[in-house]
Amino acid sequence: MRILINHLTRMRAGKICIAGVDVETRRHVRPVLGYEGLTAKLLARYGGPFDMARIVELGNPRPKPNRPHTEDHEFAPSRVRFRRNASAAEFWEMLRELGQSSLQEIFGGLLRDIGQSRWAADVGQGAASLGVLRPHGPPQLYLRTDRDRKPQIRIKLGDGRLEADAGVTDLRLYGPDHATPDADMVRAAARWIANSEGVLLGVGLTRKFRPSDGSGYLHYLQVNNVHLEEDPAWRLG
């Protein structure tokens with residue numbers, strides 16, 4: 001199976017998440033390692049095979065769906081092979097092909113408003129946890145710096161029906177530890193978005209998560225990656 005990487009995100013404790021599109025079926029595939037998170041050593045900058053807009057061969061990964069994360073495929077890192085970098089035009093065309101205008105359509109109509117412009121899906125529901133959104137108007141990327149919380153990258157977006165303020169896990173917006181927001185990069189990316197002729201968002205649902213207030217587990221809407229027409233294949237390098 002060959003996939004074109006279009007989701008490259010940070011996870012907790014320095015782990016990362018990678019997903020791409022099967023070049024034959026045009027379906028999203030997320031390589032996973034059982035219950036273990038992927039480590040940064042799999043990134044191209046450290047000699048690994050993965051980076052944005054790369055085409056990689058996964059071998060024969062085993063489907064391991066767990067709703068809504070139906071895209072999960074268990075793979076063997078030793079069998080992954082880098083094939084080539086997609087061109088900017090090729091990558092943007094693929095993103096445009098995948099793009100949808102409604103978050104509810106992407107996630108099967110299961111998103112519900114949980115307050116403060118946050119949206120989530122119930123545990124064990126849905127047939128997709130990844131997608132590409134054509135936002136209705138330019139999104140607003142910003143760094144939230146509350147006194148009693150760690151800095152958090154967030155984005156305000158809408159699709160014409162749903163307005164959201166979501167966390168952003170785009171690995172390219174974080175520092176060398178892949179966990180701390182890079183404030184300068186966030187500010188630069190916000191300017192790029194405001195001036196871009198075309199913006200697409202890689203969106204996803206988190207693994208089940210329960211906030212510290214003791215509420216129930218949910219899968220939260222997040223923005224995995226920001227894609228700009230002017231430089232769609234922007235890589236970590």
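Taken together, the values in this text are just the output of simple stated rules run on the coordinates, not laboratory data. The shown structure was predicted, so the numbers you read here are calculated from the model rather than taken from an experiment. Positions of Cβ are backbone-derived with ideal geometry, glycine not excepted, and every protein chain shown enters the neighbour counts.
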Can you give the extra length, in nm with one decimal, that the chain gains between residue 183 and residue 39 once fully stretched, where that is 0.36 nm per residue apart less the Cα-Cα distance? 49.5 nm
Exposed loop sites here are GluC sites (Glu not before Pro) in DSSP loop states with at most 10 other C-beta atoms within 10 Å. What is the longest stretch of the chain lacking them? 25-196
Based on alpha-carbon centroids, what's the gap between the range 138-160 and the range 13-59 in Å, whole number please? 26
Loop-resident sites, the range 35-85, for chymotrypsin sites (Phe, Trp or Tyr not before Pro), counting at most 10 other Cβ within 10 Å (DSSP): 35
Would you work out the charge dipole size for the range 1-122 about its Cα centre, treating the Cβ of every Lys and Arg as +1 and the Cβ of every Asp and Glu as -1, and quote it to the nearest 20 debye? 460
Prolate/oblate/rounded label for the chain (Cα gyration tensor, a/c 1.5): rounded
Label-point separation in nm, residue 84 to residue 161, each point 7 Å along Cα→Cβ: 3.9
Nearest 0.05, what FRET efficiency do residue 102 and residue 148 give at R0 = 41 Å with Cβ-Cβ as r? 0.70
The range 1-41: which trypsin sites (Lys or Arg not before Pro) are DSSP loop and have at most 11 other beta-carbon atoms within 10 angstrom? 26
Which Cα, out of 209, 63, 42, lies furthest along the positive dipole direction of the range 2-228 (beta carbon charges, K/R +1, D/E -1)? 42
Rounded to the nearest 500, the 222 nm mean residue ellipticity computed for the chain from DSSP H runs (n ≥ 4, each -39500 (n - 2.57)) alone is -3500 deg cm²/dmol
Where a Cα-Cα gap under 24 Å defines reach, which lysines qualify for residue 41, not counting those fewer than 8 residues away within the same chain? 15, 64
Below 13 angstrom from the Cβ of residue 205, what's the summed charge of the other residues (Lys, Arg +1; Asp, Glu -1)? +3
